[in-house]
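Let me give you the structure first, and then I'll get to my questions.
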Amino acid sequence: MSRQRSPRRRARSRSTIGFLFFTFTLGALAAPLRAGATDLVFARDDTGGALAREAVALCMRAVTVQGDERTTLLEQGLAVAERAVAASDRDAKAHFAIFCNLGRKLESEGPSLAALAEVKRVRAAVDRAIALEPNFVDALIAKGAMLVRLPAMLGGDADEGERLIRQAVELAPDYPQARLQLAKVLAEKGDAEAALSEARSVIALAPGKREASEAVQLAHELGS
């Protein structure tokens, strides 16, 4: 007998394009974390060039505001990210900054034919970031969430998305955002028990933080 889809998955299936995946992905940038190993890369560490770091910072600032101010910050961030890529195409954080700023911009603007065309650029940017830095934890989470949220006709692949998020958890098991994203994916696919387990891990790892609040809300939605 096939597993009944959860209300969260049914709601996602009704979404026209699935741009909400940017909300799930880029929320991770609000929480700083120092890499625990030298070969790991995070969005807010000191790797990458100055322009790339500036572009990521602009994207993170945009998360905290609304309206015209958000639009302005994202446009500035995208312009700086493009300059960073032009300066060094091998700067993984520069490509991630394009994903961050353009993704947020598309989310703010909402579904359109023009936005559909830009999805390929967003995907290419995060793909390039991971190709350059395979242990870029936030990029793995970002791509995983994107693949889970996007419809298949736009390149979505829930199984591959979950695999990437699990890879991020393996690389950084104490990173609350990685486990939070995994909990959300498991909830989407209807695995409530596993989702609750991950949510509890997030609550233990990040007491009083935004990630813990989201995990508590998720646990409540799952009936815990």
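The values are calculated or read from the model by the stated rules, or taken from the named source; none is laboratory data. Since the structure is predicted, the reported quantities are computational estimates derived from the model, not experimental observations. So basically every Cβ, Gly included, is an ideal-geometry build from the backbone, and we count neighbours across all protein chains shown.
Looking for something under 15 Å from Ala215 (Cβ atoms), buried (at least 23 other Cβ atoms within 10 Å of the Cβ), within 12 Å of the chain's Cα centre (by Cα) and modelled with pLDDT of 95 or more - is there at least one such residue anywhere in the stretch 151-163?
no
Mind counting the residues in the stretch 72-98 that are crowded, with 24+ Cβ neighbours inside 10 Å and either small (Gly, Ala, Ser) or at pLDDT below 95 (or both)?
Looking only at that region, the number is 5.
Still on this structure: Could you grab me the full set of residues in the stretch 62-92 that are closer than 21 Å to Asn135 by Cβ and in contact with an Asp or Glu (Cβ under 8 Å, 6 or more places away or on another chain)?
Within the stretch 62-92, Ala84, Val85, Ala92 meet the criteria.
Tally up the residues in the stretch 99-145 that are small (Gly, Ala, Ser), surrounded by fewer than 20 Cβ atoms within 10 Å (Cβ to Cβ) and in contact with a Ser or Thr (Cβ under 9 Å, 6 or more places away or on another chain), please.
So the first thing to find is which residues in the stretch 99-145 are small (Gly, Ala, Ser), and the list is 103, 108, 110, 112, 114-115, 117, 124-125, 129, 131, 139, 142, 144-145.
Filter once more, keeping what is surrounded by fewer than 20 Cβ atoms within 10 Å (Cβ to Cβ): 108, 110, 112, 114-115, 117, 124, 131.
With in contact with a Ser or Thr (Cβ under 9 Å, 6 or more places away or on another chain) added as a condition, the list becomes 108.
Qualifying residue count, the stretch 99-145: 1.
Just one of the numbered conditions (1) β-branched (Val, Ile, Thr); (2) modelled with pLDDT of 95 or more; (3) not in a helix (DSSP H, G or I) is not true of Thr38; which one?
Among (1) β-branched (Val, Ile, Thr); (2) modelled with pLDDT of 95 or more; (3) not in a helix (DSSP H, G or I), the lone unmet condition for Thr38 is (2).
Moving on to the next point. What is the residue count in the stretch 35-94 for residues that are among the hydroxyl-bearing types (Ser, Thr, Tyr) and without any contact (Cβ under 8 Å) to a residue 12 or more places away in the chain? Step through it out loud before you land on a result.
Pass one, the stretch 35-94, residues among the hydroxyl-bearing types (Ser, Thr, Tyr): 38, 47, 64, 71-72, 88.
Right, trim to without any contact (Cβ under 8 Å) to a residue 12 or more places away in the chain and you get 38, 72.
Residues that pass the stated criteria total 2.
In addition: If you take the residues of the stretch 37-57 that are aliphatic (A, V, I, L, M) and more than 20 Å from Ile141 (Cβ to Cβ), which of them is surrounded by the fewest Cβ atoms within 10 Å (Cβ to Cβ)? Walk me through it before giving the result.
Of the residues in the stretch 37-57, the ones aliphatic (A, V, I, L, M) are 37, 40-41, 43, 50-52, 55-57.
So of that shortlist, the ones also more than 20 Å from Ile141 (Cβ to Cβ) come out as 50-51.
On the way: Ala50: 10, Leu51: 21.
Filtering first and then ranking leaves Ala50.
Anything in the stretch 167-207 that is outside any helix (DSSP H, G or I) and over 17 Å from Val137 (Cα atoms)? List them, or say none.
Hits for the stretch 167-207 are Lys189, Gly190, Asp191, Ala206, Pro207.
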